[in-house]
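This report refers to the structure that appears directly beneath it.
The values are calculated or read from the model by the stated rules, or taken from the named source; none is laboratory data. Nothing here was measured: the structure is a model prediction, and the numbers come from that model. Note that we place each Cβ from the backbone using ideal geometry, even for glycine, and neighbour counts take in every protein chain shown. Just the protein is used for accessible areas: all its heavy atoms, side chains included, with ligands, DNA and RNA removed. Shrake-Rupley method; radii C 1.70, N 1.55, O 1.52, S 1.80 Å.
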Amino acid sequence: METQLNENQKAAVRHEEGPMLVLAGPGSGKTTVLLCRIHHILERGLAEPAQILALTFSRAAAEEMKERFRRDYGREGVSFGTFHSIFFRILRSRYGWGVERVLQEEERRQILRHILEGTDWEIPDMEEYITQFFTQLAILNSELCPLAAFEPTGLAAEEFRRLYHAYEGYKERHEKMDFDDMLLHCYHLLREDREARGYWQNRFRFVLVDEFQDVNKVQFACLRMLCQPHENLFVVGDDDQSIYSFRGARPDFLLDFRKLYPRAETVTLNINYRSTERIISLAERVISHNKNRFHKGMKGTGTDGDKVTFFLAEDTAKEAECIGEKIAALLDEGIPLEEIAVITRTNLQSGTFARELYRRGIPYVLRDGGRNIYEHWIAKDLLAYLLLAENDATDTALRRILNKPKRYIGKELLAEAEQMPYPLFRSFFACPSLQKWQESHLENLRADLEHIRQKSPYDGLKYVRKVIGYDEYLEEFAAYRRTSPQVLWEIADEIMETVKYAADAKAVRDMLEEMSRQTKTTRKGNGNGVALMTMHGAKGLEFQAVFLPTLIEGVVPHEKGLIAGQSEEERRLFYVAMTRAREKLCLSCVGSRYGRETEPSRFLAELGLDIKALFEKGK
């Protein structure tokens, strides 16, 4: 196997002892190098199989490496695993803990549901709220941050702290732990228990880490302790593909590796065996604008390939139509469905392309497990307004939007109205405790519903958002939850785009139900089809043909990332998406989105395209 490697790959494989940093660009054969190095260690007699630890981030990747090593080299006994699995093994050896102690995902969600049922907080979507809590909890734990100093996003700080104490209290009382605790407990064990630390330092004489750019603070702290004093730490990664800051990962540990390990050797794997020269050249041109990075000078194997194409569409519907045509042409050329991908910045964008492919009868697969926005609470709110406008006796719809925006109809008045023998709307006016100012709010709502009734569903929803003030409600809600309202407004925009040509409220409901059904049946694993995925979800994958649509400011780079000061990570996301393509890459942007004019992505200018001139020409 080693004879087939290039010179830089051989240098990485033949490294003997001490720390080493391997900068591995896209498609550069990093897994081959990592496995070849393990074989080299064994052949040289530097360690026994049981003294070698290879870490990665997913169980599937660890199993694949283990099987590939057994197949290629016929050797077993090396520990291949995830950070969680290996750290839990360390904890189990010290404390005797079994897997029954570990909370599974649904168990811990159920614990939080029970805790939240005891609060009176406004939570439009319980499952979304729970997901956000655990996302923030993971960042808190991975950063080894004191609770008092942590500022969560997506949740009010006091709510987060109250939930944190309740959740941690439950685990303590029931002697349970979750996956985050595996890392934390292992960190404290290695730091505080000298005997245990010494045992595992001797046990694992050589530690190899794949995808090193994805490590977080607590993982790296444990690694450093495990590798003392021999420092046989071999890390493989690419700072240009560090895209998981929302999980606590950041490229700093890779960028600072040589400061932390001054005697570390470095080698760069800069030959991309995946993509054509044109794709590699353009990707390099974009990523070179990042300042905080290692220069790698990626190059290919000499195949120029097709030209990277670009088109400008009038709006997202026209863009999807054009991409649908191009996909149909690729299929006619004989390119398999599963070799084509449309890679977007957010899950939300996939809906436009899903609708277009569905219309054309082209199978597709939603590769990310993100939210089904057609069942999002915003979709339910907007539908409720339309249903209530058609029939103001629809009590469930009235309850849903009664204080969206705020109409100051409290729980006491609602309870009083529910005791009346009439439909809820009429009942409010019969309540003795109804105040004049509350009556005024209800009369305004009745007038608003009459206006909506006279409009098409699309225009009716515009009225709900802009005149009634639903967008302002979303803004206030976002401020309370410490998040950006842009994401919520975009969900509302996408829902409206989906039902743009619906004739009435029933048609809107039918469309949302149909799109929801399609979303559920086209998740990962349900047959072959064109892959619809996000830039985050595309990492580690490759396709013959890739489409990168809607390359406009606020989307690519995403406004959320720019607000958080993460413009370099946004550029890395774009770089990752570009380098998923082996042969064909098509970029596109739109002149308007959701009825608003757009600005071309700065990344297009960095590619050397005079997009502003094309925009002017297209107007």
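Taking amide hydrogens as modeled 1.01 Å from N in the peptide plane, which residues meet the under 5 Å criterion relative to Ile552, leaving out close sequence neighbours?
Ser601
Tally up the carbon and sulfur contribution to the accessible surface of the range 301-346 as a whole percent, 1.4 Å probe, everything protein left in place. Write down the numbers at each step before the final one.
On the way: 1010 of 2200 Å².
The C+S portion of the solvent-accessible surface of the range 301-346 is 46 percent.
Round to a whole angstrom and tell me the spacing of the C-alpha centers of the range 366-426 and the range 91-153.
The range 366-426 and the range 91-153 have Cα centres spaced 29 Å from each other.
Can you give me the relative contact order of the chain as a percent, contacts being Cα pairs under 8 Å and 6 or more apart?
18
If each DSSP helix of 4+ residues adds -39,500 (n - 2.57) and the sum is divided by the residues in the chain, what number results at 222 nm, nearest 500 deg cm²/dmol?
On the way: 29 runs with 315 residues, N = 619.
After summing the helix terms and dividing by residue count, I get -15500 deg cm²/dmol.
Using the Cα centre of the chain as the reference point, and only Cβ charges (+1 on K/R, -1 on D/E), how large is the resulting charge dipole? Debye, rounded to the nearest 20.
Computed charge dipole of the chain: roughly 1140 debye.
What are the ³J(HN,Hα) couplings of the range 34-44, residue after residue, when phi is run through the Karplus curve with 6.51, -1.76, 1.60 and θ = phi - 60°? Round to Hz, x for glycine and proline.
4, 5, 5, 5, 4, 4, 4, 4, 5, 5, 7
Could you list the chymotrypsin sites (Phe, Trp or Tyr not before Pro) in the range 453-549 that lie in coil according to DSSP, counting only those with at most 16 other Cβ atoms within 10 Å of their Cβ?
Those satisfying the criteria are Tyr501.
Taking the chain as the reference, fit the longest principal axis to its C-alpha atoms, fit the long axis of helix 126-142 to the helix C-alpha atoms, and give the angle between the two in degrees, 0 to 90, nearest 10.
Helix 126-142 and the main axis of the chain meet at about 30 degrees.
Amide H neighbours of Val209 under 5 Å, at least 5 residues apart or on other chains, H built in the peptide plane: list them.
Leu55, Phe234, Val235, Val236
In square nanometres and to one decimal, what's the mean projected area of the convex hull around the Cα atoms of the range 1-120?
11.4
Provide the per-residue ³J(HN,Hα) series for the range 219-230, in order, calculated from phi with Karplus coefficients 6.51, -1.76, 1.60 and θ = phi - 60°, each as a whole number of Hz, with x at glycine and proline positions.
Result, ordered by residue: 5, 5, 4, 5, 4, 4, 5, 4, 8, 8, x, 6 Hz.
Working from Cα positions, state the angle (0 to 90°, nearest 10) between the long axis of helix 105-117 and the longest principal axis of the chain.
Value to nearest ten degrees: 40.
Scan (i) -0.30, -1.07; (ii) -0.27, -1.01; (iii) -0.32, -0.95 for the value of log10 I(q)/I(0) by the Debye sum over Cα atoms at q = 0.05, 0.10 Å⁻¹ calculated from this model and give just the label.
It is the one labelled (ii).
Using Cα-Cα distances under 8 Å and only pairs 6 or more residues apart, what relative contact order does the range 431-579 have, in percent?
Computed value for the range 431-579: 16 percent relative contact order.
In whole Å, what is the distance between the alpha-carbon centres of the range 306-365 and the range 551-570?
Measuring centre to centre over Cα atoms gives 23 Å.
Students often check this: by mean Cβ neighbours within 10 Å, which of 200-208, 121-129, 230-238 ranks highest, and how do the rest follow?
230-238, 200-208, 121-129
State, as an integer percentage, the relative contact order of the range 332-460 based on alpha-carbon contacts under 8 Å between residues 6 or more apart.
18
Just to check I understand the Karplus step: with θ = phi - 60° and J = 6.51 cos²θ - 1.76 cosθ + 1.60, what whole-Hz values come out for the range 170-176, glycine and proline as x?
Couplings: 4, 4, 5, 5, 9, 6, 10 Hz.
Quick one, can you get me the convex hull of the C-alpha atoms of the range 397-514 expressed as volume per residue in Å³? Kindly include the intermediate steps, with their values, before the conclusion.
Details: hull volume 14.7 nm³, N = 118.
Given the Cα convex hull of the range 397-514, per-residue volume reads 125 Å³.
Listed highest first by mean packing, meaning other Cβ atoms within 10 Å per residue, what order do 150-156, 303-309 come in?
Those peptides, ordered most packed to least, come out 150-156, 303-309.
Where Lys and Arg each count +1 and Asp and Glu each count -1, what net charge lies around Phe88 among other residues with Cβ under 10 Å from its Cβ?
Net of charged neighbours comes to +2.
Taking the 0 to 90 degree range and rounding to the nearest ten, how far is the long axis of helix 59-73 tilted relative to the main principal axis of the chain, both from C-alpha atoms?
30
If we sort 296-302, 573-579 on the protection proxy, mean other Cβ atoms within 10 Å, highest first, what's the order? Walk me through the numbers before you get to the answer.
Working: 296-302: 15.3, 573-579: 26.6.
Packing order, densest peptide first, comes out as 573-579, 296-302.
Asn272's amide H: which non-local residues (gap 5+, or another chain) put their own amide H closer than 5 Å, with H modeled 1.01 Å from N in plane and none for Pro or chain starts?
Answer set, sorted by chain and number: Lys299, Gly300.
Let me check something: with ligands and nucleic acids excluded, how do Leu260, Leu449, Leu387 order by accessible area (1.4 Å probe), largest to smallest?
Leu260, Leu387, Leu449
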